[in-house]
């Protein structure tokens, strides 16, 4: 069967969603009985859905989330210290619209990165631009960018992200040059964009990992003051998951 001229034109115009809907209509018995505007509406709705899926795919690709997390799969076990009411409030993404931050602290393995990525995934669904990075890698990339002349370009890209995740804050000491880079980035984003920070250490220990106390004050002032704070507790989720997998393997053997 030869393609209908209208179908070819839709594909040439890159209206693939409308083209797919039109193909479906060709294959639908008695479609001619449906009013023209209703048929056109179905095609437009499908085009809108296809474009929305593409935009979401691009946002998720740009985000580079470490974990494929979602708000629906969060574990609200009492031992974790994760307040469902707080998470439902954050799921509205009003904190992003108000240019607020989120700080997630807790021991190794309790799910800090998962919660951060779940919030970021929800932000992507709400049409916000997101970028995930470990703090150590961010500082390394800024150093390399300074050396190859792309520093301003990289800073501009990071500054424009609606949500920036700085994971594993405090794993390594932050030297004065790195503090200046971090200060410049956070200052560009302050009151304009939102940042998520995760750390094994409570906030009162963050000064100890930064060598310049004056810069430390300025950096933390731009993160902490307008931040929602989540403190996770309990056993390592990796340990719990590993025990479950071993138990399942034993039960099946």
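The values are calculated or read from the model by the stated rules, or taken from the named source; none is laboratory data. Everything quoted here is computed from the prediction, not taken from an experiment. Counting neighbours? That spans all protein chains shown, and the Cβs are built from the backbone with ideal geometry, glycine included.
Annotations for the structure displayed:
- Restricting attention to the range 188-208 and to residues that are farther than 11 Å from residue 223 by Cβ and without any contact (Cβ under 8 Å) to a residue 40 or more places away in the chain, the residue that is surrounded by the most Cβ atoms within 10 Å (Cβ to Cβ) turns out to be 188.
- Those residues of the range 47-72 which are in contact with a strand residue (DSSP E or B) (Cβ under 6 Å, 6 or more places away or on another chain) and loosely packed, with under 15 Cβ neighbours inside 10 Å, in sequence order: 64
- For the range 99-113, the condition holds for no residue, the condition being that it is in contact with a helix residue (DSSP H, G or I) (Cβ under 6 Å, 6 or more places away or on another chain), in a helix (DSSP H, G or I) and modelled with pLDDT of 95 or more.
- Among (1) modelled with pLDDT under 85; (2) closer than 23 Å to residue 90 by Cβ; (3) assigned to a loop (DSSP other than H, G, I, E, B), the one test that residue 67 misses: (1)
- Filter pass, residue 138 being more than 20 Å from residue 226 (Cα to Cα) and in contact with a strand residue (DSSP E or B) (Cβ under 8 Å, 6 or more places away or on another chain): yes
- Criterion violated by residue 139 - all others in (1) under 13 Å from residue 167 (Cβ atoms); (2) assigned to a helix (DSSP H, G or I); (3) touching a residue at least 60 places away in the same chain (Cβ under 8 Å); (4) touching a helix residue (DSSP H, G or I) at 6+ places or on another chain (Cβ under 6 Å) satisfied: (3)
- Exactly one residue out of 93, 124 is surrounded by fewer than 21 Cβ atoms within 10 Å (Cβ to Cβ) and in contact with a helix residue (DSSP H, G or I) (Cβ under 8 Å, 6 or more places away or on another chain): that is 93.
- Considering only residues in the range 169-184 that are part of a helix (DSSP H, G or I) and in contact with a strand residue (DSSP E or B) (Cβ under 8 Å, 6 or more places away or on another chain), the one that is surrounded by the fewest Cβ atoms within 10 Å (Cβ to Cβ) turns out to be 179.
- Residue check, residue 71 more than 17 Å from residue 164 (Cβ to Cβ) and touching a helix residue (DSSP H, G or I) at 6+ places or on another chain (Cβ under 6 Å): yes
- Search result, residues across the range 114-135 that are touching a strand residue (DSSP E or B) at 6+ places or on another chain (Cβ under 6 Å) and in a strand (DSSP E or B): 130, 131, 132, 134
- Flag for residue 14 being outside the structural domain of residue 128 (by TED's automatic domain parsing), surrounded by fewer than 14 Cβ atoms within 10 Å (Cβ to Cβ) and within 30 Å of residue 188 (Cβ to Cβ): no
- Residue 7 meets all of the listed conditions (1) surrounded by 12 or more Cβ atoms within 10 Å (Cβ to Cβ); (2) outside any helix (DSSP H, G or I) but one, namely (2).
- Residue that is nearest to residue 62 (Cα to Cα), among those in the range 142-154 that are in a helix (DSSP H, G or I) and out of contact with any helix residue (DSSP H, G or I) (no Cβ under 7 Å at 6 or more places or on another chain): 153
- Only a single criterion out of (1) within 18 Å of the chain's Cα centre (by Cα); (2) in a helix (DSSP H, G or I) is not satisfied by residue 166, namely (2).
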